[in-house]
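Here, each number is a calculation from the coordinates, and none is a lab measurement. Since this is a predicted model, take the numbers as computed values, not measurements. Reconstructed Cβ throughout: ideal geometry from the backbone, glycine too, with neighbour counts over all protein chains shown.
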Amino acid sequence: MALPELQAPFTSPEMAVEEGWIDYNGHMNVAYYIVLFDRGLDLAFDAIGIGEDYRAREQKSFFTVESHISYLRELTLGDLSVTTTVLVEHDDKRLRTFQEMHHASEGFLAATMETLLLHIDMEARKAIPWGEDVDARIRTAFDLHRDLPRSERIGRSIAIKRKA
């Protein structure tokens, strides 16, 4: 099977905010931002060749072990969004990504998510290094992403900033 073309950054098609995702505040519930980010990440992983087909064929996959989400501006019913995914860093079994979600027509940044993923042997249910073929694909994608502008939001932590 031929892989989709690698993008820099990986960019999802437009995805709509669904009716069941609206909470009592009248906007998309926080959980569904993660759904849209996850769909965008799935598309990126499919392009790299480490998505659902890889899991089925090799019995290996990637598990999220940590995420940091910033909700910057609300999305409401029917809004269309686009997510971008950038590979930030990797070693032989960990992959760090950064995603942005933009309103498709107005262009504003609605949310960001930084994620650390771990390569997993699905039969043993433990972390393992990926093979040379996966390493080559990740390195090729990373090389395309290496010189992309880096968001100042990468590496943020949560804190209450006190005034002096």
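Answer yes or no: is there a residue in the range 46-59 that is in a strand (DSSP E or B), touching a residue at least 12 places away in the same chain (Cβ under 8 Å), buried (at least 17 other Cβ atoms within 10 Å of the Cβ) and more than 13 Å from the chain's Cα centre (by Cα).
In the first step, residues of the range 46-59 are kept if they are in a strand (DSSP E or B); the result is none.
The answer is no, given that none of the residues of the range 46-59 is in a strand (DSSP E or B), touching a residue at least 12 places away in the same chain (Cβ under 8 Å), buried (at least 17 other Cβ atoms within 10 Å of the Cβ) and more than 13 Å from the chain's Cα centre (by Cα).
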Report summary line: In the range 116-130, anything out of contact with any strand residue (DSSP E or B) (no Cβ under 8 Å at 6 or more places or on another chain) and free of Cβ contacts under 8 Å to residues at least 12 places away in the same chain is listed as Ala124, Arg125
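Which of the residues spanning the range 16-45 are assigned to a strand (DSSP E or B) and buried (at least 18 other Cβ atoms within 10 Å of the Cβ)?
To start, the set of residues in the range 16-45 that are assigned to a strand (DSSP E or B) comprises 16, 22, 28.
Selection gives Met28 alone.
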Query raised in the report: Scanning the range 68-127 for residues that are closer than 20 Å to Leu6 by Cβ and of a type in the set (Ser, Thr, Tyr), which turns out surrounded by the most Cβ atoms within 10 Å (Cβ to Cβ)?
Result: Thr83
